[in-house]
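Take a look at the structure set out below.
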Amino acid sequence: MSIGLVRRFAQSMALVIAVASVSGLIAKPLNAQTKPSPDKKLPFEAAIEGAKKLGVGVVAAYKKGDNTLLELSRDVFKRIFVWYSETVTVPTGVVDHLYLGGTVVRFQRRGNRVFIRDLTASFGKRAGGRQAPEPGQKSGGRIDPIALAVRRANEPPIISVLSIAASGDDGEVLVDVTKLFSGDIETMSARSQVVQAGLVPLQVNPAASYTTSVRVFPNNFGVRAHLTFLAKSKEPVAPPRNVSLRVGHSLVMLAEKPMTGRIFDPRAGASFEPEQG
């Protein structure tokens, strides 16, 4: 092979290598723009990053800093819960029953918010021993026309609104319930305990109120909170002061098909009405 042919071959190879190098430099940033980074987290994963998992069951609970987060699956929005509230500890000098209140609720998602609706008024409607319809049911042999008409005429009130912090691909959402449980819930208010201490409750002190624990089980979950009320004495010259107590909340998921209501029978020996006289 002549020296000229070798020289021309070397020049051709150098040109090919130069073109390939330039093409690689141009293609590299394009590939970097289209290929997702393996370190990039999805919004839901990013929201619970660094959080401590408290339990998994009917819901998943997390603690992130001072915030309490609940993961609500898509099935949670299809079910009904009984919400029961009671005092765990009471203010000094108070001797009272533990029950604060109870209600029947449903979680409802609307856009970037989750509503908690109070179904107590409509859920308790029974007629003729037949099962009242479930919310949204329009046909079926077990529907009682009177109960259905009553339910349609009554709009369940919203007792709380939760902001959605993140949502997943399977319909699950992450909500922050810190403000809900570290505040005084009107339908299950703990103000009566402050009144029992001979004081007038003004408002909850948010700086001195917080959730203390969350326990999760397959069909229910419980939250305990430390509440501090700013209260004043009945004496006009006395300055306001803090009154603290602990409140426990329990939310139990009901059966998918609620039980049939029982017809009242005085022989049962149970009464939920206060005695007269």
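Entry remark, region 212-236: residues being among the charged types (D, E, K, R), in contact (Cβ under 8 Å) with a residue 12 or more places away in the chain and farther than 16 Å from residue 246 by Cα number 2 in total.
Tell me whether region 155-163 contains one or more residues that are over 20 Å from residue 89 (Cβ atoms), hydroxyl-bearing (Ser, Thr, Tyr) and either touching a strand residue (DSSP E or B) at 6+ places or on another chain (Cβ under 7 Å) or not in a loop (DSSP other than H, G, I, E, B) (or both). Checked region 155-163: at least one residue is over 20 Å from residue 89 (Cβ atoms), hydroxyl-bearing (Ser, Thr, Tyr) and either touching a strand residue (DSSP E or B) at 6+ places or on another chain (Cβ under 7 Å) or not in a loop (DSSP other than H, G, I, E, B) (or both). Within region 172-190, if we keep just the residues that are modelled with pLDDT of 90 or more and surrounded by fewer than 19 Cβ atoms within 10 Å (Cβ to Cβ), the residue that is farthest from the chain's Cα centre (by Cα) turns out to be 189. Would it be correct to say that residue 100 is more than 19 Å from residue 175 (Cα to Cα), in contact with a Pro (Cβ under 6 Å, 6 or more places away or on another chain) and at pLDDT 85 or above? Judged against the criteria, residue 100 is not a match. Cβ-Cβ distances below 6 Å connect the following pairs, each with a first residue in region 165-185 that is under 14 Å from residue 224 (Cβ atoms), a second residue that is in a loop (DSSP other than H, G, I, E, B), and a separation of six or more residues or different chains: 182/209.
This table checks each residue for (1) in contact with a helix residue (DSSP H, G or I) (Cβ under 7 Å, 6 or more places away or on another chain); (2) farther than 16 Å from residue 89 by Cβ; (3) buried (at least 20 other Cβ atoms within 10 Å of the Cβ).
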| residue | (1), (2), (3) |
| --- | --- |
| 205 | no, yes, no |
| 210 | no, no, no |
| 213 | no, no, no |
| 218 | no, yes, no |
| 227 | no, no, yes |
| 230 | no, yes, no |
| 238 | no, yes, no |
| 241 | no, yes, no |
| 253 | no, yes, no |
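Among the residues of region 116-129, write down those that are at pLDDT 90 or above and in contact with a Pro (Cβ under 9 Å, 6 or more places away or on another chain).
117, 118
The values are calculated or read from the model by the stated rules, or taken from the named source; none is laboratory data. What you are looking at is a predicted structure, and each value in this text was computed from that prediction instead of being measured. Heads up, the Cβs are rebuilt from the backbone with ideal geometry, glycines too, and the neighbour counts pull from every protein chain shown.
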